[in-house]
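Have a look at the structure below before the remarks.
The values are calculated or read from the model by the stated rules, or taken from the named source; none is laboratory data. All values reported here derive from a predicted model rather than from experimental measurement. Cβ atoms come from the backbone with ideal geometry, glycine included; neighbour counts cover every protein chain shown.
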Amino acid sequence: MALIVQKYGGTSVGSVERIQAVAQRVCKTVKTGNSVVVVVSAMGKTTDGLVKLAYEVSKNPNSREMDMLLSTGEQVSIAIVSMALQEFGQPAISLTGAQVGIVTEAEHTRARILHIETERIKRHLNQNKVVVVAGFQGITRTEELEITTLGRGGSDTSAVALAAALHADFCEIYTDVPGILTTDPRLVPEAQLIDEITCNEMLELASLGAKVLHPRAVEIARNYGVPLVVRSSWTDDPGTWVISPTPRPRSLVDLEIARSVDEIEFDANQAKVSMLRVPDKPGVAARLFGEIARQDVDVDLIIQSIHEGNTNDIAFTVMTPILKKAEAVAQAIAPVLRSQKVTENEEAEVMVQQNIAKVSIAGAGMIGRPGVAAKMFATLAEAGVNIQMISTSEIKVSCVISHADCDRAIASLRSAFEIEEDKRNFTLPHSQPTDRFANTPSLPHSPHPPVRGVALDLKQARLAIRQVQDRPGTAAKIFGLLAQYNISVDMIIQSQRCHMMNGVPTRDIAFTVARIDAQAAQNMLQQAAAEYGWGEVVLDSAIAKVSVVGAGMIGQPGIAATMFKALAQHQINIQMITTSEIKISCVVAQEEGVKALQVIHTAFGLAGSQNIQVPA
């Protein structure tokens, strides 16, 4: 007999008929010999209505009272679902987050789960009852026993956390769509179902705006090894399994605020190729990386910085054997650069730099925690390590540094994040591709395509700080300030061109933040610029970020070239590029975002034969 946690969203319990359908599904699951815990959201648009009501009463509602108000939506749902189950003859009991014992931080409207007291649930399960739990909410362990809510995606988070605490056999997330799709079916109706996906891939897609699963829920599933399946509320189709790696032993105390970083990784066998002053126009990146792919050169990190005048800088790293790879890349791109027309004062240039290393912090717990990257940069600064390149994703932050600084950087990061040396952390020969997040060899012929999904984020803005000092500590200052204001940063790009200002080398640095935070970030950074001697802080809110994600792209030359070519064929200019091992992201103009998503999805052959219809 299995213990199953099922979660139903607001649409699934949006009417009496839908609640009865949920109850029938739960009863069917019980009759096959399973114990079931059901987590439900508020009915339909109840939460939106409660928020609207609050703002009609108050222009600035008190956060404590908002939690008190919003938690009532789930309380209605659990009672009605429990009644429906009882009407079908299935014993059931409804419990609020407080009654279950979902203990959270004392942070109203955005609390994280500390631990779950499972005794009461287990007692009712032993009495053959279905336990219907209010998602999205918990209670503090302070004397006041304050009601808290978990913020966006809270019901997903509640369900997976309960599955972890109860050691459930698996957790089912029921939603409007048949599972995880290759992209948003509202934008690409021919998006197709993915039968299974890794937690790392799902973390990237969820954080890029795929709304089926919240990143916090995926983070918990990954950290605790919870098997997760996403299914449609309207059919009996198998859905998508989200596969977790075998987790390291981890306490269920401080469930969501435990260690944010669990790996320090490094690769001391890299070379960097910088292409300076390449024309800022559609097709340049496609031609460059098309040549690189034809040379069968496997590229690791790629960055394209913000434009200076009519040109951009593009830099990337290649792995072992360093010299041969770097020379091959230089030979491949030289004729491409010569064929481009650049002004006499801005002649394109190729630079190959050996003796560099890549150090990374990795862990699912970095999501939504702006202080983690800032702590990494501050640690490297304190160790006197200068950062040459930065690449970020939801599960990793990587920095390219001098090879001579590698050992010192690793020791400092391990000390700062309290990570013991991992004897498994090694670099494999270049002929054996690796999933460097898992530190294990990847299958040479994966049954899945290299790109699993394409995502579009239209809610970001870009900030660029001109002429920041190129020395240890600069990145720590910038991102430390942002962390103090609780502003999370997504893409981070350092320009490769160096300028001298008053005898000090300077570079530009650009990064993206949530659009809602952009103006506050610009104001704060402009004040800091005067103090630290930085140049102007430029804000651009009219951007879109389009990304491809897939664990199978590791060790597969040509993925970037395919993406860039698709954009070039439709005259979509790339403004920024950044990569991780399993993701490539490009910033384009906002008005071209949807088109970019569609053409990239087509370029990788991800379309299915049937259109996906999303219920209203």
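Structural remarks
- None of Thr183, Thr148, Thr157 is within 20 Å of Val230 (Cβ to Cβ) and not in a loop (DSSP other than H, G, I, E, B) except Thr157.
- Residues that are surrounded by fewer than 23 Cβ atoms within 10 Å (Cβ to Cβ), more than 22 Å from Thr183 (Cβ to Cβ) and not hydroxyl-bearing (Ser, Thr, Tyr) within the stretch 198-250 comprise Gly225, Pro227, Asp236, Pro245, Pro247, Arg248, Pro249, Arg250, listed in sequence order.
- Single unsatisfied condition, Gly552 versus (1) within 29 Å of Val297 (Cα to Cα); (2) touching a Lys or Arg at 6+ places or on another chain (Cβ under 6 Å): (2)
- Output for the stretch 251-287, where each listed residue is surrounded by 17 or more Cβ atoms within 10 Å (Cβ to Cβ) and among the acidic types (Asp, Glu): Glu256, Asp262, Glu263, Glu265, Asp267, Asp280
- Qualifying position, being surrounded by 15 or more Cβ atoms within 10 Å (Cβ to Cβ), part of a strand (DSSP E or B) and touching a Gly at 6+ places or on another chain (Cβ under 9 Å), among Val132, Val38, Val103: Val103
- The set of residues from the stretch 230-263 being among the charged types (D, E, K, R) and farther than 17 Å from His115 by Cβ comprises Arg231, Asp236, Asp237, Arg248, Asp262, Glu263.
- Considering residues of the stretch 366-394 that are part of a strand (DSSP E or B) and touching a helix residue (DSSP H, G or I) at 6+ places or on another chain (Cβ under 8 Å) only, the residue farthest from Ala455 (Cα to Cα): Ile390
- Any chance Glu291 is at pLDDT 75 or above, more than 25 Å from the chain's Cα centre (by Cα), surrounded by fewer than 20 Cβ atoms within 10 Å (Cβ to Cβ) and not in a strand (DSSP E or B): yes
- Criterion violated by Ile600 - all others in (1) over 28 Å from Val299 (Cβ atoms); (2) at pLDDT 95 or above; (3) surrounded by 22 or more Cβ atoms within 10 Å (Cβ to Cβ) satisfied: (1)
- Restricting the first member to the stretch 89-112 and to residues that are farther than 19 Å from Glu256 by Cβ, and the second to residues that are part of a loop (DSSP other than H, G, I, E, B) and not small (Gly, Ala, Ser), the beta-carbon pairs closer than 8 Å and six or more apart or on different chains are Pro91/Gln127; Pro91/Asn128; Pro91/Lys129; Ala92/Lys129; Ile93/Lys129.
- Counted residues, the stretch 145-181 - those being within 27 Å of Leu606 (Cβ to Cβ) and of a type in the set (Gly, Ala, Ser): 2
- The one condition in (1) touching a residue at least 12 places away in the same chain (Cβ under 8 Å); (2) out of contact with any Cys (no Cβ under 6 Å at 6 or more places or on another chain); (3) within 25 Å of Met202 (Cβ to Cβ) that Ser251 fails to fulfil: (1)
- Odd one out for Arg250, checked against (1) under 20 Å from Arg152 (Cα atoms); (2) in a loop (DSSP other than H, G, I, E, B): (1)
- Summed over the stretch 552-572, residues that are at pLDDT 85 or above and in contact with an Asp or Glu (Cβ under 7 Å, 6 or more places away or on another chain) total 1.
- The single residue among Met319, Met275 that is farther than 17 Å from Met553 by Cα and either in contact (Cβ under 8 Å) with a residue 12 or more places away in the chain or of a type outside the set (Lys, Arg) (or both) turns out to be Met275.
- Against the criterion of being free of Cβ contacts under 8 Å to residues at least 40 places away in the same chain and either buried (at least 24 other Cβ atoms within 10 Å of the Cβ) or in contact with a Ser or Thr (Cβ under 9 Å, 6 or more places away or on another chain) (or both), Val160 does not qualify.
- Looking at Ser402, Ser391, Ser415, just one residue is among the small types (Gly, Ala, Ser) and at pLDDT below 90, and that residue is Ser391.
- Applying the criterion of at least 3 residues that are out of contact with any helix residue (DSSP H, G or I) (no Cβ under 7 Å at 6 or more places or on another chain) to the strands (runs of 3 or more DSSP E) found wholly in the stretch 499-616 leaves 499-501, 504-514, 576-580, 583-589.
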